[in-house]
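So the structure is just underneath, and the comments pick up after that.
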Amino acid sequence: MLSLMELKLFDPKSVSGIAHSRRPYSSAFSSFRYGVDVRFSPRLCSCRGAFPRVFVSSISENAYLTRKAIASGDPEKLVGEDYVYRINGKYGASSILFSGDTRVLEASYDEYEGVVVDPEGLPATPDAFSSILRFSLTHWRRRKKGVWLKLPLERAELVPVAVKEGFQYHHAEPGYVMLTYWIPEGPCMLPANATHHVGVGGFVINQNNEVLVVQEKYCNPAFADLWKLPTGFIHESEEIYQGAVREVKEETGVRNLIDTEFVEVVAFRHAHHLAFEKSDLFFVCMLTPLSADIQVDDFEIQAAKWMPLMEFVEQPLIQGDSMFKKITDICVARLKKRYCGLFPHQLVSAFDRQTSSLYYNDFDAQDSTCASN
């Protein structure tokens, strides 16, 4: 850090030859306290008259400054200037002036002192992006903490440029990759990538006390003979109860779909280090059928049928697995009104002003189909 540096800029005549070439030019300055050495390059400008005496206080090593920023001691005043100075070296032992684009990347700022770069305003070429990104990081360094950089698939050539400047991968989707940059020293406090997958299983039982079961086409050979509940993953922005109804439809038909009505969540399982080393939340939902015809989805499902409840429960693979057995025991207890599950209620929170689903047991309601034990 420079405690206080007084710069006395040199006669502009010595740099008049590079105003149009945009090539770096170096010259010893006539008077520098602390022996600072600087290079100077104007950005396509006409330089006339003597330069003023200026002061810089508390400027970090490798900072990029404009004439206005140096004069005021405020690195926030970096944009829209013709002259850019790069301060290098501890205590200003060596200083370099460079010429480059002094624009800052188009961005918005969040309430956590973060920067969200606008992917629509990215520079046209990797070289331009490199120069402007480097300058932008210096501009944000004093008063911002984290930078979010979303690069669309069609701008993939900018990824290595950002990584070279210190950005790290955060997450990727089919159309983009998100990178982040943490400015302060110490551990990064930006929120991590999503950590969980969310799945659902539908326990559908009809008036004949039969359970809707399927056999999967692609599974571990050890489970080839198992008749199981229809299961699947929740889609983005999909409610748990909606996903359960959809998965039953998708797995049991193309034309003659089994429509169901959501009853409640009866249990959920939390597991770790599964697909892609992510954690997994799996919700077991009870549903009632609104139709009975089955047309198998032969893309994923080998077979589907209605199976008597006790035959389903007594399968060796069910009885031999503590997790499966407990799930079936809970579902049977719910049918016998000895157990109550969780039903979604739509509520609005003042924190985000959005409608959310809160799942809970409505103990104030007189539900004749459920009595807690």
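In the range 327-337, how many residues are open to solvent by less than 80 Å² (accessible area, probe 1.4 Å) and on the phi > 0 side of the Ramachandran plot?
0
Check off (1) within 15 Å of P119 (Cα to Cα); (2) more than 16 Å from the chain's Cα centre (by Cα); (3) open to solvent by less than 30 Å² (accessible area, probe 1.4 Å) for E157 and give me the number that stays unchecked.
Only one criterion in (1) within 15 Å of P119 (Cα to Cα); (2) more than 16 Å from the chain's Cα centre (by Cα); (3) open to solvent by less than 30 Å² (accessible area, probe 1.4 Å) is unmet by E157, namely (3).
When you go through F283, F324, F299 one by one, which is the residue that is in contact with a helix residue (DSSP H, G or I) (Cβ under 6 Å, 6 or more places away or on another chain) and open to solvent by 60 Å² or more (accessible area, probe 1.4 Å)?
After ruling out the rest, the residue left standing is F324.
For the range 225-242, indicate whether the set of residues that are aliphatic (A, V, I, L, M), over 34 Å from the mean Cα position of the chain (by Cα) and open to solvent by 30 Å² or more (accessible area, probe 1.4 Å) is non-empty.
no
So which of R143, R134 is open to solvent by 30 Å² or more (accessible area, probe 1.4 Å) and in a loop (DSSP other than H, G, I, E, B)? Full working, then the answer.
Numbers: R134 fails: in a loop (DSSP other than H, G, I, E, B).
One residue alone meets the criteria, R143.
Every residue, every condition in (1) over 30 Å from S136 (Cα atoms); (2) open to solvent by less than 50 Å² (accessible area, probe 1.4 Å); (3) aliphatic (A, V, I, L, M); (4) out of contact with any Gly (no Cβ under 7 Å at 6 or more places or on another chain), yes or no:
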| residue | (1), (2), (3), (4) |
| --- | --- |
| I183 | no, yes, yes, no |
| G202 | yes, yes, no, yes |
| I205 | yes, yes, yes, yes |
| V214 | yes, yes, yes, yes |
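Output the number of residues of the range 302-321 satisfying the condition of being loosely packed, with under 13 Cβ neighbours inside 10 Å and in a strand (DSSP E or B). I'd like the intermediate steps shown before the answer.
Narrowing the range 302-321 to residues loosely packed, with under 13 Cβ neighbours inside 10 Å: 308, 310-311, 314, 316, 319-320.
The next check asks that each one be in a strand (DSSP E or B); those that pass are 308.
Residues in the range 302-321 being loosely packed, with under 13 Cβ neighbours inside 10 Å and in a strand (DSSP E or B): 1 in total.
Looking at the range 170-181 only, could you name the residues that are open to solvent by 50 Å² or more (accessible area, probe 1.4 Å), within 10 Å of the chain's Cα centre (by Cα) and not acidic (D, E)?
Hit for the range 170-181 is A172, nothing else.
Collect the residues in the range 225-279 that are under 24 Å from Y359 (Cα atoms) and of a type in the set (G, A, S), keeping them in residue-number order.
Selection gives G232, S237, G243, A244, A267, A271, S279.
Under the condition of being farther than 18 Å from V211 by Cβ and either of a type in the set (A, V, I, L, M) or surrounded by 17 or more Cβ atoms within 10 Å (Cβ to Cβ) (or both), which residue from the range 257-279 is nearest to the chain's Cα centre (by Cα)?
A275
Has the range 190-201 got any residue that is in a loop (DSSP other than H, G, I, E, B), touching a Pro at 6+ places or on another chain (Cβ under 9 Å) and either touching a residue at least 40 places away in the same chain (Cβ under 8 Å) or more than 30 Å from K144 (Cβ to Cβ) (or both)?
Of all residues in the range 190-201, those in a loop (DSSP other than H, G, I, E, B) come to 190-195.
Those still in the list that are touching a Pro at 6+ places or on another chain (Cβ under 9 Å) too: none.
Looking through the range 190-201, none of the residues is in a loop (DSSP other than H, G, I, E, B), touching a Pro at 6+ places or on another chain (Cβ under 9 Å) and either touching a residue at least 40 places away in the same chain (Cβ under 8 Å) or more than 30 Å from K144 (Cβ to Cβ) (or both).
The values are calculated or read from the model by the stated rules, or taken from the named source; none is laboratory data. Since this is a predicted model, take the numbers as computed values, not measurements. Here Cβ is always computed from backbone atoms with ideal geometry, including for glycine, and neighbour counts include all displayed protein chains. Accessible surface is based on the protein model in full, side chains and every heavy atom, while ligands, DNA and RNA are left aside. Shrake-Rupley method; radii C 1.70, N 1.55, O 1.52, S 1.80 Å.
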